1. Could you list log10 I(q)/I(0) for region 330-405 at q = 0.13, 0.18, 0.24, 0.27 Å⁻¹, which the Debye formula gives when each Cα is one point scatterer?
2. As a test question: what accessible area, to the nearest 10 Å², does HIS235 have when a 1.4 Å probe is rolled over all protein chains in place?
3. Report, please, the projected area of region 184-288 averaged over directions, based on the convex hull of its C-alpha atoms, in nm².
4. Restricting to DSSP H runs of at least four residues, report the calculated mean residue ellipticity at 222 nm for the chain, -39500 (n - 2.57) per run over all residues, nearest 500 deg cm²/dmol.
5. Quick one: dipole size for the chain, taken about the Cα centre, charges +1 on Lys/Arg Cβ and -1 on Asp/Glu Cβ, in debye to the nearest 20.
6. Enter the accessible area per residue of region 263-308 (Å², integer; probe 1.4 Å; all protein chains in place).
7. So which trypsin sites (Lys or Arg not before Pro) in region 227-280 end up in coil per DSSP with only 15 or fewer other C-beta atoms within 10 Å?
8. Let's test the formula: R0 of 30 Å, r as the Cβ-Cβ distance of GLU57 and ALA382. What FRET efficiency results, to the nearest 0.05?
Amino acid sequence: MRTRTARPTSAADEAGDQRLPLGALAALATAAFITIMTEALPAGVLPSMGRSLRVGESAMGQSVTIYAMGSAVTAIPLSAATSGWRRRRLLLTAVAGFALANTVTAVSGHYALTMAARFVAGVAAGLVWAMLTGYARRMASGPLQGKATAIAMAGATLALSLGVPAGTLLGQAFGWRIAFWSMTVLAVVLLAWITLAVPDYPGQPRRGRSPIAQTLRLPGVAPVLIVTMAFVLAHNILYTYIATFLDRLRMADAVDLVLFIFGLASVVSIWVVGAHIDRRLRVLTIAGTVLFALAATVLAVLADSAVAVYAAGTLWGLGFGGAATLLQTAAADAAGASADTAQAVLVTLWNTAIAAGGVAGGLLLDNLGPASFPWSVLVLLAPALVIVITGRRHGFPPGRPGASA
């Protein structure tokens, strides 16, 4: 019979500390904020970027794809290659990568150079996402590790709901290059913040590193990863083509409002998840999947009503907003001491799903039309919900390791 790998002991566990280092966790949240902002910012300033670099919007749109490719291709090998590095050194290296990549993007007048910088930014993002959950968990005692993860991941939700719209406005008012310069400035400030406020931890000794195949065989890891792939693919099919879907409904002028509603609901979701994840991860994951499925159902059968569309945006945000925190925490719980390896695989799958969402959505659009998008979401979420519900013993158990009842 296989035994579960023991969870690594954190400094907080050893001290019996029941407090959270909010300043350090906020620094991790800022790192998450930068990764999402850097990834999504081109979408808001795409026409002006394309004109400056003398390419069409379709070609410029690939700057988001190549970012995701940078994360997907390098997360696993780089995570393995740097697993022995001290954690603060690795985090500083990744944030410095963002500063460099965004600076090059801001000054570049050549499409090829910009795309190379975007790839480097994606590599930095892969490093951040692969270590973020493990880093946050090591700052907290067992009963608070889920909450620590939620705080660190809140930066991603804030970036989507508030940061990207603000960055878009900044780019429209002062030019897209200023928007990217602002990300450089934020990264430089974060380098100082990490140096001063974030505790350092050792990496894994060579004998302690976990091969991917061994990690995937741990009970619960594979189900969590399958749910992650289905959930993120479903989200990105709909999110990538939401403007096209709304245009079919003659709501093209409501795209910003729908995404704003989605963003606000996502903030509520991450707050609820952060408050309850340490005792109710299973319930929250089931609820999130059901809420997302309800949103897709409303869009599939009631989309002729603008009110129903806004309601669907709310349900979608409530269901998806806390998904990253829930799934990364579930993967880390299932993997135990192999959490960093599991996170690297999860990051790879997450970014693969982002890229696949664009491709799958395009195929659906060409062959079945935009009305197929919400139905495709339901097709993907149905097996994901079954896996979550049946994963009571491994993957999505009722209680978390070390969590209080």
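The values are calculated or read from the model by the stated rules, or taken from the named source; none is laboratory data. Computed from a predicted model, the values in this text were never measured in an experiment. Please note: Cβ atoms are built from the backbone with ideal geometry, for glycine as well, and neighbour counts cover all protein chains shown. The area values use the complete protein model at the heavy-atom level, side chains included, leaving out ligands, DNA and RNA. Shrake-Rupley method; radii C 1.70, N 1.55, O 1.52, S 1.80 Å.
1. For region 330-405, the Cα-only Debye profile gives -0.59, -0.89, -1.12, -1.19.
2. Answer for HIS235: close to 10 Å² accessible.
3. Dividing the Cα hull surface by four gives the mean projection, 11.5 nm².
4. Result for the chain, helices only: -26000 deg cm²/dmol.
5. Dipole of the chain, to the nearest 20 debye: 1240 debye.
6. Result: 43 Å² of accessible area for each residue.
7. ARG250
8. 0.30
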